[in-house]
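Written below as structure tokens is the structure these notes are about.
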Amino acid sequence: MSDIVQYEVRDQIAVITLNRPEVHNAQNPELLEDLDACWTRAAKDDEVKVILLQANGKNFSAGHDLAVPEGKKDVFAGFDWDTRGITGQYLWEQSHYFEYSRRWRNNPKPSIAVVQGACIAAGLMLCWPCDLIVASDNAWFSDPTIVMGIAGVEYHGHTWELGPRKAKQMLFTAEKITAQEAAKLGMVNEVVPADELRDYAYKLAQKIAAQDLFSLMMAKRVVNQTMDTMGQPAALQAAFDVHEFQHAQCLIRSGATSAVLTRDVSRLKKSNEKS
Ligand code: ZN
């Protein structure tokens with residue numbers, strides 16, 4: 001495993017730390033795969049009662065890493081996909097975006113996301129699956145994917161986390177929600193001063209770790225099963241498919257599966273024309 005996701009166990013708490021601060025913890029395939037491995041490791045470790053997900057640097061996560069690899073035509077060019085349709089992208093996003101978030105949400109042990117600074121688009125897919133979210137007073141959340149021709153990230157937590165009206169406003173306007181507003185809406189548990197964030201979250205994790213593990217697991221399960229009974233899994237899967245449908249729409253209209261990728265492709269075409 002690389003150093004871009006750090007893992008350590010202290011006081012029966014698995015501390016998982018995103019460690020790409022130089023790119024604001026943008027999520028590349030390696031980061032996501034390592035992160036998923038950490039979640040699984042914590043689930044299997046009998047010593048662990050609570051999972052704490054935090055991020056180094058000023059910002060929690062800037063979302064998916066959309067940097068175009070050197071010499072590649074777009075961000076997904078490194079993948080061995082059928083480029084005539086969205087089959088490859090659908091399967092990739094299902095396994096690495098949607099199912100990862102679902103799996104983290106269904107991890108049997110309690111989890112806490114510790115969020116500072118920006119949490120943009122796919123950043124939400126890292127914190128929403130956690131059971132609790134503690135945010136610094138300078139944290140903010142946004143899903144501006146509408147500017148890419150997409151109505152929200154792959155994991156549609158919006159409506160569940162914010163309620164339908166605020167979810168629509170977030171998607172329609174692409175504007176930020178502050179930590180304070182997110183707390184008012186019930187998406188964030190606690191807002192604390194930035195310099196106290198990690199200590200506060202760690203103490204909260206210790207408080208939880210003092211409880212019996214099986215009781216914690218059942219407490220989590222009873223809440224999650226309530227949402228499952230309300231139809232959350234089917235609603236999330238349906239929203240994921242709508243998301244993919246929009247990638248197809250972008251592809252038909254522009255030759256790339258999102259507006260951002262289109263810009264990359266057109267830039268590449270221009271540079272090719274010059275050379
Ligand atoms: Zn997507």
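The values are calculated or read from the model by the stated rules, or taken from the named source; none is laboratory data. These numbers come from a predicted model, not from an experiment. Note that we place each Cβ from the backbone using ideal geometry, even for glycine, and neighbour counts take in every protein chain shown.
Of all the listed residues (Q237, Q225, Q211, Q246), the sole one being modelled with pLDDT of 85 or more and not in a helix (DSSP H, G or I) is Q211. Taking segment 1-105 as the region of interest, the strands (runs of 3 or more DSSP E) fully inside it that hold 2 or more residues being modelled with pLDDT of 95 or more and buried (at least 19 other Cβ atoms within 10 Å of the Cβ) are 13-18, 50-55. Within the group I150, I177, I208, which residue is among the aliphatic types (A, V, I, L, M) and within 16 Å of the ligand (Cβ to nearest atom)? Every option except I150 fails the conditions. So, in segment 233-258, of the ones that are buried (at least 19 other Cβ atoms within 10 Å of the Cβ) and farther than 16 Å from Q89 by Cβ, which residue ends up nearest to the ligand (Cβ to nearest atom)? Ranking the candidates gives A239 first.
Which count do you get for residues in segment 198-235 that are more than 21 Å from W160 (Cα to Cα), basic (K, R) and within 21 Å of the chain's Cα centre (by Cα)? Qualifying residue count, segment 198-235: 1.
Residues of segment 208-221 that are over 16 Å from A113 (Cβ atoms) and basic (K, R): R221 alone. Residue count for segment 219-230 under the criterion of being loosely packed, with under 13 Cβ neighbours inside 10 Å and either within 20 Å of W104 (Cβ to Cβ) or within 16 Å of the ligand (Cβ to nearest atom) (or both): the result is 5. Does L261 count as modelled with pLDDT of 90 or more, assigned to a helix (DSSP H, G or I) and either away from the ligand (no atom under 16 Å from the Cβ) or within 22 Å of the chain's Cα centre (by Cα) (or both)? For L261, the condition - modelled with pLDDT of 90 or more, assigned to a helix (DSSP H, G or I) and either away from the ligand (no atom under 16 Å from the Cβ) or within 22 Å of the chain's Cα centre (by Cα) (or both) - is not met.
Contact map, segment 216-236: residues that are farther than 20 Å from I13 by Cβ paired with residues that are surrounded by 15 or more Cβ atoms within 10 Å (Cβ to Cβ), Cβ distance under 6 Å, separation 6+ or inter-chain. Pairs shown: L236/H156.
Of the residues making up segment 129-144, none is out of contact with any helix residue (DSSP H, G or I) (no Cβ under 9 Å at 6 or more places or on another chain) and either modelled with pLDDT of 95 or more or assigned to a strand (DSSP E or B) (or both). From the list A194, A139, the one residue that fits, being buried (at least 17 other Cβ atoms within 10 Å of the Cβ) and either more than 24 Å from C250 (Cα to Cα) or within 16 Å of the ligand (Cβ to nearest atom) (or both), is A139.
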